[in-house]
Every structure is written in C-alpha cells, then in structure tokens.
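Down below is the structure, laid out as structure tokens.
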Amino acid sequence: VYREYLINEKGLTKSANESPLYLDMPMAATKREFYFGYPVDKTKIVTSFSDALSICEKIQKANDVSPVIRLLGVQNGGIDISKIAGGFKIESVLGDKDELKKLLNSSTVYTDFDIVRYRESGSGFSVNTDSATFATSLKAYQNFKDISTKTIAPNIDRYLLLSPTKLYSAAEKLLKSAQKSDISNISLSTAGQMNYSDYRHEESYASRYNPEAVSKINGLYGKSGISLMYDRANEYAAVAADYIVNTPTGSSNYLCQDDWYPLYQMVFKGYAAMSTPSLNLSDCTAKDVLFAAQTGIGIKYTVTGRDIAAEYLSSPFDDLFAGNYDRV
C-alpha cells in the first residue's frame, strides 16, 4: 500500500539497477601536524584515484563483479567538514583529471558531496546569514558525540547546518561544478537523511521545508541526466534515487514491539538498488549477510587504499578505521 502511494503521489518508478557489492571509499582527510610547535592542518590521501581504480580492477578480475563505488571525502578538504561541498571543488591531492575520469569510467562510481554541514563561509554561503538557527535565533551549532559516554566529543570542532531554504541553491552550484568535471553520478548523503528546522525562515519551522527542497533538487538533477545516490534516505529523497546505501537492517528498539520486519526494503525493492551497512564496520556481520539474502539487497564494505587507521585515532569519522583493502 505504501509503495502504491509513492508510485501514484511521489513519482516512484521501477529501476533495473541491482548490484551484489557496494564499496565506500574514504578518499582524503585532514590531519593535524606540528611544525616548530605550530599546528597545521593538512589534507592527506586516504585513497587516491589510482588506488581506487586498482581496487576496482582487482575485484572485477577476481569475482567478475563490477562494484558500485561511493567516493567519500572527494570534495576539497576531504571527509572533514569545511565549506559547503568543499567549495564545489574536487580535492587536488587525490590525482589529476585524467585519473579521475579513468576511475569514473571503470565502474559505477558516485562522488559524494555534503551540501548540508559546514564550518566556513565561502562559495556564496555565509556561516552568519545562511546557517540554520534555533527558535532562540542563535546559530544551530551541532556537535559530534562520544558513542561510549553519549556526551559531546571533546577536541572536535562543532559545525553548522545550511538553511533548508538554501539547499536548492547549493545543489545548483554543485551541478554546474560536476558538469565541468564530467561527473554524472552524484551522492548527496547528508541531504537525503537530515531533516531539520531553520527558525530564521517561517517556511522551515518544525522541519517542514527539507522535503520540498530535496524534491526540487531531485527534479533538477533528473532533468540534467544526473543519477543520484542517497544514504539511509528519507522517502522524499529515496523516490528519486537509483541507489540507496546503508538501508536499515534492524530496529532502534526504542519502542515496545513484538517483532520487526524490513518494510523499507519491501517498499523499495525493484524501484531502487539498495545495500546493507558496511559489513566490516558491523557488530554482527553474519546477521547483516543473512539480512541481505532475506531481502535481496547488496552487501557493502568500507575500504581504504592505504593503511592510515593509526594516524586518525582521534577522528570522529568511523570510516577511516575500516582498514586497508588488502586486509578486508
């Protein structure tokens, strides 16, 4: 019934895209180094374009499978939060345009851009006038949490959220930048899963505006021939996605219940290709593999081209601890 509603009211259409294997590849990240006692943040390679291509070729040769790949932290500054979408630029340390083009042509590759979270003004978006605010008119600063203590993580800078009323404008700028780089597959992970308020604008009170903004983005990208990937997408994003990664494989257990069943996968199966969360980051890999078999979705791993886990022990991004591809 819910699927029929999405078909009739939201434009959900069938998709022929399916894949048994998905890969998340963190590409670049910021590392703090000290020169003569002064701290300097430098963007370091986690997986270069050539590393990613090599991994893809190894998998294709060994298994005769072409994986669907999501490049995380490919924007300027890497996986860390800086300007909106990294200033709409590709991180230069990862390789040149020819290497990127070769990687994009090697398999189904999606480049991920964050058009929601930011810390710095730039590319037409200011932290003072374009960020979401609380009902108190104060900037809606967000913090990373320490999973073990459920408290604010120390020594990790807080960040802001771009006003939902500005998301479409950011998507337009990203589209122009992507077209210049011949990128036709785009992942908008944060835009598809985050629904929040901006009390600077009445239309976005009570988290009302994100569905409208993302729906407009879906329409713009669809007309431009851009294929979209989302991460744990809310339904207003999922209806336009060719791929949805990290689909839920269990309940939050916050409510009393007798049982849990995979409604998300039942609704979108055959209408969007889906994956489990990363098996090598899971606390129960066997359960997630069985869930993939039960629901007919693909399995996903997070891999890096270089062994950098020890260098980023203080990073809030779990993806960096996944380990080198050769050890997974």
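The values are calculated or read from the model by the stated rules, or taken from the named source; none is laboratory data. Values in this document were obtained by computation on a predicted structure and should not be read as measured data. Neighbour counts run over all protein chains shown; Cβ positions are idealised from the backbone, glycine included. Please note that ligands, DNA and RNA were not included when accessible areas were found on the heavy atoms of the full protein model with its side chains. Shrake-Rupley method; radii C 1.70, N 1.55, O 1.52, S 1.80 Å.
Table for the structure above
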{"quantity": "Total formal charge among the other residues, if their Cβ is under 14 angstrom from that of Asp146, Lys/Arg +1 and Asp/Glu -1", "calculated": "+2"}
{"quantity": "Hydrodynamic radius of the chain per Kirkwood, over alpha carbon pairs, in Å", "calculated": "20.6"}
{"quantity": "Under 16 Å from the Cα of Lys83 - aspartates and glutamates, other chains or at least 8 residues apart", "calculated": "Asp41, Glu91, Asp112, Asp114, Glu120, Asp130, Asp157, Glu172"}
{"quantity": "Average accessible surface area per residue within the chain, 1.4 Å rolling probe, Å²", "calculated": "50"}
{"quantity": "Distance violations [Cα-Cα > 29 Å] among Lys101/Lys173; Lys97/Lys223; Lys42/Lys173; Lys102/Lys145; Lys145/Lys223", "calculated": "Lys102/Lys145; Lys145/Lys223"}
{"quantity": "Residue range of the chain that is longest and free of trypsin sites (Lys or Arg not before Pro) which are both DSSP loop and sparsely packed (at most 12 other C-beta within 10 Å)", "calculated": "151-328"}
{"quantity": "Per-residue [θ]222 nm for the chain (sum of -39500 (n - 2.57) over DSSP H runs n ≥ 4, rounded to 500)", "calculated": "-7500 deg cm²/dmol"}
{"quantity": "Rule-of-thumb Rg ratio for segment 1-77 [Cα; 2.2 N^0.38 Å; N residues]", "calculated": "1.74"}
{"quantity": "Extension gain, Asn324 back to Tyr205 (0.36 nm per residue minus Cα-Cα distance, nm)", "calculated": "38.5 nm"}
{"quantity": "Over 24 Å between alpha carbons, listed pairs Lys44/Lys150; Lys150/Lys216; Lys10/Lys166", "calculated": "Lys44/Lys150; Lys150/Lys216"}
{"quantity": "Local electrostatic count, Glu57, Cβ distance below 15 Å [Lys/Arg +1, Asp/Glu -1]", "calculated": "-1"}
{"quantity": "Whole-number percent relative contact order across segment 215-303, with pairs defined as alpha carbons under 8 Å at least 6 apart", "calculated": "23"}
{"quantity": "Net dipole in debye of segment 201-328 [+1 Lys, Arg Cβ; -1 Asp, Glu Cβ; about Cα centre; nearest 20]", "calculated": "340"}
{"quantity": "P(r), alpha carbons of segment 189-328 - 5 Å bins starting at zero, rounded %", "calculated": "2, 9, 15, 16, 17, 17, 13, 9, 3, 0, 0"}
